[in-house]
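J.: Quick one: this structure, given as structure tokens, is what I'll be asking you about.
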Amino acid sequence: MSLSPLSCISTNFVIVNCSKLKRSNNAVFDIDGVLIDCSERLAKCKEEARGNRRLFWNCFLSTKYMHLDKPIDFGLEVLRDRLSKSFSVVIITGRTDNMAQKTLEQLKSMGVEGLPIVFRRRGNTARDYIYKPLTAKKLRLEVLEVHEDDFEVLKSFKEAYPEARTYLYIFTDITARINSG
């Protein structure tokens, strides 16, 4: 993995563009299900794993099918809106550090670059609803908003940051159901 010289590494996470991380006025965004539709990668990995959880996660948390990912325009518009309103934006993703370079390329192709992105370290198997708010707390972030596609993650953030506004993204699920129905 070749990370930028602006990366900071901890035992549980890696931050790309860590020099741009600000402690106050943060809007936290997830990647998968908020900025990027990973439903095709998810389906391909489920098919390939045939019910084996370890094989599924090894596939999903790799770059193997990332070429199938697509932008979610709404999420990207909201992110740009928050930047224009002087929020500090930090991305905290469940993607692992082996996906960092490809993720940076994906986001750059969608017009998003230079933001601090927190990647989970390989081997960190904590559930997202534990990992994400705990990471924000460890980084001593003031979190004003959380943009997520996982209700459990939002609930955990709300417990850790009672004043934060939370936004649940369900667009990819709705789109997948409409297209398959």
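J.: Checking the conditions here, which among Phe13, Phe60 is among the hydrophobic types (A, V, I, L, M, F, W, C) and under 16 Å from Thr135 (Cα atoms)?
T.: After applying the criteria, what remains is Phe13.
J.: I'd like to verify a number: residues in region 108-131 that are exposed (fewer than 12 other Cβ atoms within 10 Å of the Cβ) and of a type in the set (Lys, Arg), how many?
T.: Total satisfying the criteria: 1.
J.: Let me ask another. Determine the pairs where a residue that is hydroxyl-bearing (Ser, Thr, Tyr), located within region 118-139, has a partner that is surrounded by 13 or more Cβ atoms within 10 Å (Cβ to Cβ) and in a loop (DSSP other than H, G, I, E, B) with Cβ atoms under 8 Å apart, the partner being 6 or more residues away or on another chain.
T.: Sorted first by the residue in region 118-139, then by its partner, the pairs are Tyr129/Asp150; Tyr131/Asn12; Tyr131/Asn124; Thr135/Asn12.
J.: Another question, then. Which of the numbered conditions does Arg140 fail, given that it passes all the others? Conditions: (1) more than 14 Å from Phe29 (Cα to Cα); (2) among the basic types (Lys, Arg); (3) buried (at least 21 other Cβ atoms within 10 Å of the Cβ).
T.: (3)
J.: Being touching a strand residue (DSSP E or B) at 6+ places or on another chain (Cβ under 7 Å) and among the charged types (D, E, K, R) is the filter here; which residues of region 102-148 pass it?
T.: Passing the criteria: Arg120, Arg121, Arg122, Asp128, Lys132, Glu142, Glu145, Glu148.
J.: Could you check, for region 134-150, whether at least one of its residues is in a loop (DSSP other than H, G, I, E, B) and touching a His at 6+ places or on another chain (Cβ under 7 Å)?
T.: No, every residue in region 134-150 fails to be in a loop (DSSP other than H, G, I, E, B) and touching a His at 6+ places or on another chain (Cβ under 7 Å).
J.: Give the number of residues within region 40-72 that are assigned to a helix (DSSP H, G or I), surrounded by 15 or more Cβ atoms within 10 Å (Cβ to Cβ) and polar (S, T, N, Q).
T.: Result for region 40-72: 0.
J.: A further question follows. With respect to Lys158, is the statement that it is over 16 Å from Asn17 (Cα atoms), surrounded by 13 or more Cβ atoms within 10 Å (Cβ to Cβ) and modelled with pLDDT of 95 or more true?
T.: yes
J.: Shifting gears a bit: In region 94-107, which residues are without any contact (Cβ under 8 Å) to a residue 40 or more places away in the chain, in contact with a helix residue (DSSP H, G or I) (Cβ under 8 Å, 6 or more places away or on another chain) and buried (at least 18 other Cβ atoms within 10 Å of the Cβ)?
T.: Met99
The values are calculated or read from the model by the stated rules, or taken from the named source; none is laboratory data. Every value quoted in this text rests on a predicted model; they were computed, and no experiment measured them. Using ideal geometry, Cβ is built from the backbone for each residue, glycine included, and neighbour counts are taken over all protein chains shown.
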